[in-house]
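Contents: one structure, followed by commentary.
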Amino acid sequence: IKEIYDEAPVRRGKPFWHYNKTFSEVKADNASFLERSDFIGAYLGEELIGFDKIIYTDCWAAQIQLISKLKYRDKCPINALLAEAVKVCAEKEIRFLTYGSYIYGKKGADPLTDFKKRNGFKKIDYPKYYVSLTLKGRIALKFGFHKSLLETLPTVFVDILLKMRTKYYQLISSREPRA
């Protein structure tokens with residue numbers, strides 16, 4: 001797993017937060033909810049090239065870590081891991097398999113959302129209600145402080161900022177010496 005994490009300092013246009021962690025940190029990160037989790041591995045020969053950590057509840061499963069080595073992208077290990085996750089969920093009679101948020105913030109065209117669509121994931125909307133219990137809460141709701149910054153900015157501006165962030169991290173990572 002550490003080898004997969006340490007393959008690239010930048011993934012999907014931003015710093016990869018697991019990059020360069022110690023073995024102990026990687027072990028601790030992946031030790032959560034073990035009693036109700038499964039790990040599915042994708043191998044090329046003897047080499048682990050991807051894995052999926054799934055956590056279960058009574059009627060749904062959440063993929064909390066689905067990642068593979070970038071150099072084996074052409075082998076489609078993520079697709080194989082997803083197919084196996086669906087099979088495992090069906091065997092366990094789990095009705096829903098989730099893959100994070102369907103759309104993050106106000107992003108426009110997003111390759112991750114396209115990937116989710118192509119693999120059969122669907123957006124399920126559910127209502128969110130905010131109730132203020134205090135005067136401070138009513139003021140916070142009135143001014144939209146319960147929303148994230150991405151939710152308050154215009155979509156065009158968010159797209160520009162995301163492109164700028166990607167270019168910045170590409171520039172920074174190209175200047176760093178490779179190990």
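The values are calculated or read from the model by the stated rules, or taken from the named source; none is laboratory data. Remember, predicted model here, so these are calculated numbers, not experimental data. Here the Cβ is made from the backbone with ideal geometry for all residues, glycine too, and neighbour counts use every protein chain on show. Note: accessible area is taken over every heavy atom of the protein model, side chains too, but ligands, DNA and RNA are not part of it. Shrake-Rupley method; radii C 1.70, N 1.55, O 1.52, S 1.80 Å.
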Inset, instruction - Restricting attention to the range 111-124, report how many residues are open to solvent by 80 Å² or more (accessible area, probe 1.4 Å) and part of a helix (DSSP H, G or I). - result: 3
Inset, instruction - Give the range 51-102 a look and list any residue that's modelled with pLDDT under 95, touching an Asp or Glu at 6+ places or on another chain (Cβ under 7 Å) and over 18 Å from residue 3 (Cα atoms), or say none. - result: 63
Legend entry - Answer from 38, 6 - the residue that is touching a His at 6+ places or on another chain (Cβ under 9 Å) and either open to solvent by 30 Å² or more (accessible area, probe 1.4 Å) or of a type in the set (S, T, N, Q) (or both): 6
Legend entry - Output for the range 16-31, where each listed residue is open to solvent by less than 70 Å² (accessible area, probe 1.4 Å) and either within 26 Å of residue 165 (Cβ to Cβ) or in contact (Cβ under 8 Å) with a residue 24 or more places away in the chain (or both): 16, 18, 21, 26, 29, 30
Legend entry - Number of the condition not met by residue 55 [criteria: (1) in contact with a Ser or Thr (Cβ under 9 Å, 6 or more places away or on another chain); (2) open to solvent by 30 Å² or more (accessible area, probe 1.4 Å)]: (2)
